[in-house]
Amino acid sequence: MNAPASAVRYDLPEADDFTRPYWDAAAEGRLLLRRCAQCGRAHHYPREFCPFCWAGEDRVAWEAASGRATLYTWSVIHRNDLPPFGTRVPYTAAVVDLAEGPRMMTEVVGCGAADLRIGMPLTVTFREVADGVWVAVFRPAD
């Protein structure tokens, strides 16, 4: 049974002026991170300040990520009653280590649960979750 078009969805980001560059890049098939010019560390999810040294917005900038990652951990979700996740079960929720250092919560696609391994190489791809709204997911690297 399909949810009505007006149903609340729990998979849509709340983009604002600050995160708009991130979501615009995702719609173009690019993954962005934030990097601190003071301590040199990259972080994800996007924040206006550095979560490591607390440098302010003037010291932290957007940077293109390579899209490479390794699988840190995962869980296969067999039940999720929040729209529209219930229509996608089972799916693999995961945490990946990006090549640039940050950890990211995501989903692994294109790979059965039995084939997943800690440390396996992954690459970013993007899924359109609504008209013009794209999110980063990861698949096994070629």
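Of the numbered conditions (1) modelled with pLDDT of 95 or more; (2) within 27 Å of residue 142 (Cβ to Cβ), residue 36 fails exactly one; give the number of that condition.
All conditions pass for residue 36, except number (2).
Kindly establish whether residue 117 is in a loop (DSSP other than H, G, I, E, B), open to solvent by 30 Å² or more (accessible area, probe 1.4 Å), within 18 Å of residue 10 (Cβ to Cβ) and at pLDDT 95 or above.
No.
Does residue 24 count as over 21 Å from residue 110 (Cα atoms) and exposed (fewer than 13 other Cβ atoms within 10 Å of the Cβ)?
When the stated conditions are applied, residue 24 does not pass them.
Take the residues of region 67-92 that are among the small types (Gly, Ala, Ser) and touching a strand residue (DSSP E or B) at 6+ places or on another chain (Cβ under 9 Å): which is farthest from residue 115 (Cα to Cα)?
67
Any idea which of 66, 75 is small (Gly, Ala, Ser), without any contact (Cβ under 8 Å) to a residue 60 or more places away in the chain and touching an Asp or Glu at 6+ places or on another chain (Cβ under 8 Å)?
Numbers: 75 fails: touching an Asp or Glu at 6+ places or on another chain (Cβ under 8 Å).
Matching residue, one of 66, 75: 66.
Taking the conditions exactly as written (under 30 Å from residue 114 (Cα atoms), surrounded by fewer than 17 Cβ atoms within 10 Å (Cβ to Cβ), in contact (Cβ under 8 Å) with a residue 40 or more places away in the chain and among the aliphatic types (A, V, I, L, M)), does residue 12 satisfy them or not? Lay out the reasoning, then the answer.
Values: under 30 Å from residue 114 (Cα atoms): yes; surrounded by fewer than 17 Cβ atoms within 10 Å (Cβ to Cβ): yes; in contact (Cβ under 8 Å) with a residue 40 or more places away in the chain: yes; among the aliphatic types (A, V, I, L, M): yes.
It is true that residue 12 is under 30 Å from residue 114 (Cα atoms), surrounded by fewer than 17 Cβ atoms within 10 Å (Cβ to Cβ), in contact (Cβ under 8 Å) with a residue 40 or more places away in the chain and among the aliphatic types (A, V, I, L, M).
Just the residues that are open to solvent by less than 40 Å² (accessible area, probe 1.4 Å) and outside any strand (DSSP E or B), please, taken from region 120-140.
Once the filter is applied, which keeps residues that are open to solvent by less than 40 Å² (accessible area, probe 1.4 Å) and outside any strand (DSSP E or B), region 120-140 yields only 120.
Is it the case that region 62-81 has a residue that's within 22 Å of residue 8 (Cα to Cα), open to solvent by 40 Å² or more (accessible area, probe 1.4 Å) and at pLDDT below 95?
Yes, region 62-81 contains a residue that is within 22 Å of residue 8 (Cα to Cα), open to solvent by 40 Å² or more (accessible area, probe 1.4 Å) and at pLDDT below 95.
Considering every residue within region 121-142, establish whether at least one is farther than 26 Å from residue 28 by Cβ and of a type in the set (Asp, Glu).
no
Quick check on region 94-102. Is at least one of its residues open to solvent by 40 Å² or more (accessible area, probe 1.4 Å), of a type in the set (A, V, I, L, M) and within 17 Å of the chain's Cα centre (by Cα)?
Within region 94-102, one or more residues are open to solvent by 40 Å² or more (accessible area, probe 1.4 Å), of a type in the set (A, V, I, L, M) and within 17 Å of the chain's Cα centre (by Cα).
Being over 17 Å from residue 135 (Cα atoms) and crowded, with 16+ Cβ neighbours inside 10 Å: is that true of residue 85 here?
Numbers: over 17 Å from residue 135 (Cα atoms): no; crowded, with 16+ Cβ neighbours inside 10 Å: yes.
So residue 85 fails the test.
The values are calculated or read from the model by the stated rules, or taken from the named source; none is laboratory data. Note that the structure is predicted; figures quoted are calculated from it, not measured. Every residue, glycine among them, receives a Cβ derived from its backbone with ideal geometry; neighbour counts consider all protein chains shown. Just the protein is used for accessible areas: all its heavy atoms, side chains included, with ligands, DNA and RNA removed. Shrake-Rupley method; radii C 1.70, N 1.55, O 1.52, S 1.80 Å.
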